[in-house]
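Enquirer: This is the structure I have questions about; it appears just below.
The values are calculated or read from the model by the stated rules, or taken from the named source; none is laboratory data. Note that the structure is predicted; figures quoted are calculated from it, not measured. With ideal geometry, Cβ positions are generated from the backbone for all residues, glycine too; neighbour counts draw on all protein chains shown. We work out accessible area using only protein heavy atoms, side chains counted, and drop any ligands, DNA or RNA first. Shrake-Rupley method; radii C 1.70, N 1.55, O 1.52, S 1.80 Å.
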Amino acid sequence: MQSPDSHHEIRPIVIGTAGHIDHGKSTLVRALTGVDPDRLKEERERGLTIDLGFAPLELSDGRHVGLVDVPGHERFIRNMVAGATGVDLVVLVVAADDGVMPQTREHLSILEMVGVNRGMVALTKIDMVDEELVELAEEDVRELVEGTFLEGAPVQRVSAHTGEGLDEIKALLEELALAVEPRSAEGVFRMPIQRVFSLKGFGTVVTGIPGSGSVRVGEQVEILPGGKLAKVRGLQAYGETTDIVRAGHSSALNLTDVDHKRLSRGAVIATPGYFRPISMVAARLTALPSLGRPITNRMTVRLHTGTHDARGELVLLDRDEIPPGEEGLVQVRLEEPVVSAPGDRFVLRLLSPVMTLGGGVVLEES
């Protein structure tokens with residue numbers, strides 16, 4: 001939470017990466033921003049993204065937008081979902097030497113379920129294969145995105161190693177970012193927590209991407225679940241000190257009167273008195289079109305909303321089963337409370353065997 005030497009204007013847009021493990025998401029982010037999104041020692045030692053990473057991307061006019069790098073391994077899909085919920089547009093990363101892989105498909109499905117509706121494809125590692133394989137990989141990608149929000153989106157070939165295509169990707173991302181309507185700073189402040197840590201001399205720091213509203217230094221916030229009140233001691237957006245953070249900023253809040261050990265990812269920082277934890281969620285659920293089975297009553301599931309995921313029982317309300325690609329009204333009875341509101345997007349995953357079932361929109365809470 002140190003003061004920077006200079007300040008940059010921020011366009012409140014967040015760009016996310018998505019794609020299979022080892023397809024070059026983090027390498028591409030480093031090449032575009034100069035920032036290594038793999039902050040954990042284990043990530044750097046293993047060359048494997050485990051958790052969410054963040055970096056600011058500078059536009060040609062000097063403004064910044066945020067980049068969120070997500071893990072590609074199937075074991076860390078819950079971390080991927082936590083990052084995807086704050087994204088306005090996406091770069092789907094596909095390696096030319098591999099083509100479309102299982103997490104390419106799953107990540108694309110998850111992005112659709114959480115409401116992302118624009119983006120592009122980066123075809124990486126083009127320096128590692130011949131032209132014919134690059135052509136085949138691009139054909140594979142275009143077939144994958146047919147019927148999705150990425151149908152007709154740019155597919156840019158790139159090598160983070162040689163630099164070929166990097167300028168073109170930057171230009172495409174700037175064009176997309178400028179076309180996205182920035183999130184409104186109006187309304188009640190709510191930020192799902194992505195990270196919690198303590199800094200010597202500062203105390204508790206929480207990070208995340210506010211979904212609505214804004215907060216200023218000196219204001220009071222509520223931590224949910226639990227209802228603990230805390231005061232905002234300091235704020236940063238993309239690593240730079242500021243007096244206010246708002247929806248669409250990758251933000252860090254320095255809080256007083258709360259122990260960082262009592263906070264974790266999935267909790268919510270909000271304007272006091274507006275939100276409450278809920279244990280039952282009524283929703284409209286759409287089953288994945290690629291799902292190999294119908295969704296049935298009384299499944300044990302995991303509900304992902306915001307940065308939280310909670311185990312629960314799925315109850316179908318208007319039909320006996322939901323076939324792949326179809327939708328129905330459901331209730332999810334949770335074993336632990338979550339903080340959600342009507343209109344929030346969610347992803348539903350089966351607990352055993354672990355698989356993504358579908359997603360949809362929260363209708364009401366109780």
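Enquirer: What is the extension gain from Glu335 to Val217, computed as 0.36 nm multiplied by their sequence separation minus the C-alpha to C-alpha distance, in nm to one decimal?
Expert: Going from the current span to full extension adds 39.0 nm.
Enquirer: Report the label-to-label distance for Arg276 and Met128 in nanometres (one decimal), using points 7 Å from each Cα along the Cα→Cβ vector.
Expert: 5.3 nm
Enquirer: What number, rounded to the nearest 500 deg cm²/dmol, is the helix-based mean residue ellipticity at 222 nm of the chain, given -39500 (n - 2.57) per DSSP H run of at least four residues and division by all its residues?
Expert: My calculation for the chain gives -5000 deg cm²/dmol from helical runs alone.
Enquirer: How large is the charge dipole for the chain, taken about the Cα centre, if only the Cβ atoms of Lys, Arg (+1) and Asp, Glu (-1) carry charge, to the nearest 20 debye?
Expert: I would put it at about 1980 debye.
Enquirer: Skip the ligands, DNA and RNA, and give the accessible area per residue of the chain with a 1.4 Å probe, whole Å².
Expert: Counting only protein heavy atoms, the per-residue value for the chain is 43 Å².
Enquirer: Here is a follow-up. Just want the answer: with Cβ charges of +1 for Lys and Arg and -1 for Asp and Glu, which residue in Ile223, Leu150, Gly163 is farthest toward the dipole's positive end in the chain?
Expert: About the Cα centre, the residue reaching furthest to the positive side is Ile223.
Enquirer: Right, something else. Can you run phi through the Karplus equation (6.51, -1.76, 1.60; θ = phi - 60°) for the stretch 220-236 and list ³J(HN,Hα) in whole Hz, with x for Gly and Pro?
Expert: Once rounded to whole Hz, the list reads 9, 10, 10, 9, 10, x, x, x, 5, 9, 9, 10, 7, 8, x, 9, 9.
Enquirer: Could you tell me what percent of the accessible area of the chain is made up of carbon and sulfur, with a 1.4 Å probe and every protein chain present?
Expert: C and S fraction of accessible area: 45 percent.
Enquirer: Order of 143-152, 232-241 by packing, highest average Cβ count within 10 Å first?
Expert: In decreasing order of mean packing, 143-152, 232-241 become 232-241, 143-152.
Enquirer: Using 0.36 nm times the number of residues separating Glu143 and Glu175, minus their current alpha carbon distance, what extension gain do you get?
Expert: Full extension from Glu143 to Glu175 adds 9.1 nm.
Enquirer: Check every DSSP H run in the chain and write down those whose alpha carbon atoms cover 15 angstrom or more along the long axis and whose mean Kyte-Doolittle hydropathy is 0.5 or greater.
Expert: Long hydrophobic helices here: 166-179.
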